[in-house]
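Before any comments, here is the structure.
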Amino acid sequence: MEQLRHAELLHPKVSLWALDEHRLGLKPILRPIWAPTGQPLTATVHPRYEWLYIYAFVNPESGESRFYLVPVLNKDAYQAVMAAFAQSVGAGPEHHVLVVEDGGGFHVPALQGHPVGIQTVTLPPYSPELQPVERLWKLTDATLANQCFESLDDLQTTLGEQCAWLETQPDLLTRHTLFHWWPLYRN
């Protein structure tokens, strides 16, 4: 976190965020459910392999979050999402944002680099337990479990509503993402 201390000297405002991606699609998420004794359970399953991706940013300390639903997971999508994120949090010369991410091969900044005010830190390989955002996927998947969606549009509508709701629940997100070792930084 030496980068955070260095950034503190150069910028009046610094914030620390985490980023991860999650793939969801028309292949159903099946979870156990309660049912009356003696009643058979049936689940509609029609697996199709069409996907939608969530890019999730969270500030574990404040619980502030941003969710982006995109149709692909590649370097162009990453660059577009990173630019949209930078704009939404006001990253720039007066607000330095340090983003902790995994080593995804598509985490490639644009030729001119990341947007002004954005700097990334890559976690060690094979260490998802260090990524706070990994703990949000149970929350995003909650409204999708045991459902069979007819199309990606239907899935996107339901998922978009869940992500919008999660953005209004900073206390819930902090409880799920603020690890005891996560550096706290109050401006």
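The values are calculated or read from the model by the stated rules, or taken from the named source; none is laboratory data. Just so it is clear, the structure is predicted and the values come from calculations on it, not from any experiment. Glycine also receives a Cβ, built like all others from the backbone with ideal geometry; neighbour counts cover every protein chain displayed.
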* For region 121-150, how many residues are out of contact with any helix residue (DSSP H, G or I) (no Cβ under 7 Å at 6 or more places or on another chain), in contact (Cβ under 8 Å) with a residue 60 or more places away in the chain and of a type in the set (S, T, N, Q)? -> 3
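For every residue, the table says whether it meets (1) closer than 23 Å to residue 177 by Cα; (2) of a type outside the set (Gly, Ala, Ser); (3) at pLDDT 95 or above; (4) surrounded by 11 or more Cβ atoms within 10 Å (Cβ to Cβ).
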position: 88; (1), (2), (3), (4): yes, no, yes, yes
position: 96; (1), (2), (3), (4): yes, yes, no, yes
position: 109; (1), (2), (3), (4): no, yes, no, yes
position: 126; (1), (2), (3), (4): yes, yes, no, no
position: 133; (1), (2), (3), (4): yes, yes, yes, yes
position: 136; (1), (2), (3), (4): yes, yes, yes, yes
* Test result for residue 53, hydroxyl-bearing (Ser, Thr, Tyr), touching a residue at least 12 places away in the same chain (Cβ under 8 Å) and over 30 Å from residue 146 (Cβ atoms) -> no
* Would you tally the residues in region 28-72 being of a type in the set (D, E, K, R), in a loop (DSSP other than H, G, I, E, B) and either under 18 Å from residue 98 (Cα atoms) or modelled with pLDDT of 75 or more (or both)? => 4
* Asked: Can you pull out the residues in region 138-155 that are assigned to a helix (DSSP H, G or I) and surrounded by 12 or more Cβ atoms within 10 Å (Cβ to Cβ)?
  -> 139, 140, 141, 152, 154, 155
* Structure fact -> Over region 111-124, the set of residues aliphatic (A, V, I, L, M), surrounded by 14 or more Cβ atoms within 10 Å (Cβ to Cβ) and more than 13 Å from residue 18 (Cβ to Cβ) is 118
